[in-house]
Amino acid sequence: MEEREGEVRWDGLCSRDAAARAAALDTIGQAVQRKSRKSAMAFVAGSGFLVRKILLFKKYIFCSRMVTDFIMELGIRIPRPLGHGPSRFIPEKETIQVGKEDARMHTLFAESFATLGRLDNVTLVMVFHPQYLESFLKTQHYLLQMDGPLPLHYRHYIGIMAAARHQCSYLVNLHVNDFLHVGGDPKWLNGLENAPQKLQNLGELNKMLAHRPWLITKEHIERLLKTEENSWSLAELIHAVVLLTHYHSLASFTFGCGISPEIDCEGGHTFRPPSVSNYCICDITNGYHGVDEIHASPAGSIPVSSTESVCEVEALMEKMKQLQECRDEEEASQEEMATRFEKEKRESMFVCSSEDEESAATRDVSRHFEDTSYGYKDFSRHGMHVPTFRAQDYSWEDHGYSLVNRLYPDVGQLLDEKFHIAYNLTYNTMAMHKDVDTSMLRRAIWNYIHCMFGIRYDDYDYGEINQLLDRSFKVYIKTVVCTPEKTTKRMYDSFWRQFEHSEKVHVNLLLVEARMQAELLYALRAITRYMT
């Protein structure tokens, strides 16, 4: 770690070596203490950096008592977390607690911390499923930081554009910081019109991928590839498309799991003192706020009897058993299965929440994209028809995978692994029941999402979806996938009421990957048609 005039380098805190991290934190503390009270005040308050960084790193290395004590002596207030844990939907005591994770989770935390420079709330919720998280982190690291067609600042700006389409200030804030860290021009953050024309040209594809990917044609691809000095290469476009779909779907996860703002971002902290005074400062800066938890109101939760919930689980398991028996006895004709698909696709158009409120994008987020009125809801309200996309004609396995891998080496493999892990992930449990084959239920969720996007699998009986997914679950799925910014805790609480939170997070992993694959299929098909 280096110390320059008015600057302390924090690189050592991101080391994978615990001793190196401890040494770096010790050096930072000494650098602060060497300053006079006046210069230290100017250093801390002027840069706005020290407190922010301590809060940023506290989840993994915890705060240095030496540094925090000194800051308090200077009379500088240290903010504390505004929320309770990494998710607004999941009680903090039911999440994986940092410091109590098993060896595999600890390794993932260390990898996430070393890669991102933070242990973010998305990671702290995804870690319910370590196998998936490992694949997710590896893929995201490759997309953002490894060699690729696009420069680093373009990658983060595209992430901002994608997240902003769903008003996801959580992801926008993270990538604004990262964009600036890798040398991005701050002027671009004043609005998309201030970014290079090449990125502005990507706006049309961004909004269509996010809301109506079935409308993408080879003409849209041609306009991006043939605009003279502002043109995209095929490799650059593939990189951009993967980033856009990654962050559209990650916005779904962020809203679907109620991810709390990071402590160093807007809405993630408060300077208001806790309601009782028997806290050590390290308790506060390390995110412990137990007394607040006691007073936390369970507002928005759905009261339901234990017996009613148990019956809900038993009924779902019985339906799965009956459907399996029907499969074994007879198989519907291709004509009948096609009819059932069209019926389910049509019905999915009218699945909407009773809490369907208009939510205008704030200026801070909407400035990163154009045409704020464009969305999925417009399509459903006007009764427009989603054309059927036959997976047998263009699939990820047979077409998309090879195209991505050819133009952006290794990424096809990383995405394929992530899709397979999400689709096949199982612990053979359902709520309190063990040794359960959940493949039928997982396939119904995946295929329902693709059905909403018009994608049909000829070998699947879409009649199973109505048997296995009740209305409250369908409302949650459609909201998280199509208009994630409208997801509420009440929606989250209202489906699968007896299931564990880890199982609901598992559902969100299916939603994330099914959505991403659906968007990719439409974009890659258009690129293939352009190339041929």
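Restricting attention to the range 100-124, report how many residues are in a helix (DSSP H, G or I), of a type in the set (Gly, Ala, Ser) and over 14 Å from Phe136 (Cα atoms).
Number of matching residues: 3.
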State whether one or more residues within the range 422-435 are touching a residue at least 24 places away in the same chain (Cβ under 8 Å), charged (D, E, K, R), at negative phi and surrounded by fewer than 21 Cβ atoms within 10 Å (Cβ to Cβ).
-> no
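Return yes when Tyr492 is assigned to a helix (DSSP H, G or I), more than 28 Å from Glu236 (Cα to Cα), of a type in the set (Ser, Thr, Tyr) and open to solvent by less than 10 Å² (accessible area, probe 1.4 Å) and no when it is not.
In short, yes.
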Could you check, for the range 507-519, whether at least one of its residues is among the charged types (D, E, K, R), farther than 21 Å from Tyr427 by Cβ, outside any loop (DSSP other than H, G, I, E, B) and at pLDDT 95 or above?
-> yes
Condition broken by Ile158, with the remaining ones in (1) in contact with a Pro (Cβ under 7 Å, 6 or more places away or on another chain); (2) closer than 26 Å to Leu407 by Cα; (3) of a type in the set (A, V, I, L, M, F, W, C) satisfied | (1)
Does Arg456 meet the test of being under 16 Å from Ala332 (Cβ atoms), without any contact (Cβ under 8 Å) to a residue 40 or more places away in the chain and open to solvent by 10 Å² or more (accessible area, probe 1.4 Å)?
-> no
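Only one of these is in a helix (DSSP H, G or I), more than 27 Å from Tyr376 (Cα to Cα) and open to solvent by less than 50 Å² (accessible area, probe 1.4 Å): Leu150, Leu137, Leu171, Leu180. Name it.
None of the other options fit; the residue is Leu137.
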Does Tyr374 satisfy being out of contact with any strand residue (DSSP E or B) (no Cβ under 9 Å at 6 or more places or on another chain), surrounded by 16 or more Cβ atoms within 10 Å (Cβ to Cβ), over 25 Å from Glu330 (Cβ atoms) and at pLDDT 95 or above?
-> no
Sole miss for Val481 among (1) open to solvent by less than 10 Å² (accessible area, probe 1.4 Å); (2) over 16 Å from the mean Cα position of the chain (by Cα); (3) under 30 Å from Leu234 (Cβ atoms) is condition (2)
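The values are calculated or read from the model by the stated rules, or taken from the named source; none is laboratory data. What you are looking at is a predicted structure, and each value in this text was computed from that prediction instead of being measured. We place every Cβ from the backbone using ideal geometry, glycine too, and count neighbours over all the protein chains shown. What goes into the accessible areas is simple: the full protein's heavy atoms, side chains included, and nothing from ligands, DNA or RNA. Shrake-Rupley method; radii C 1.70, N 1.55, O 1.52, S 1.80 Å.
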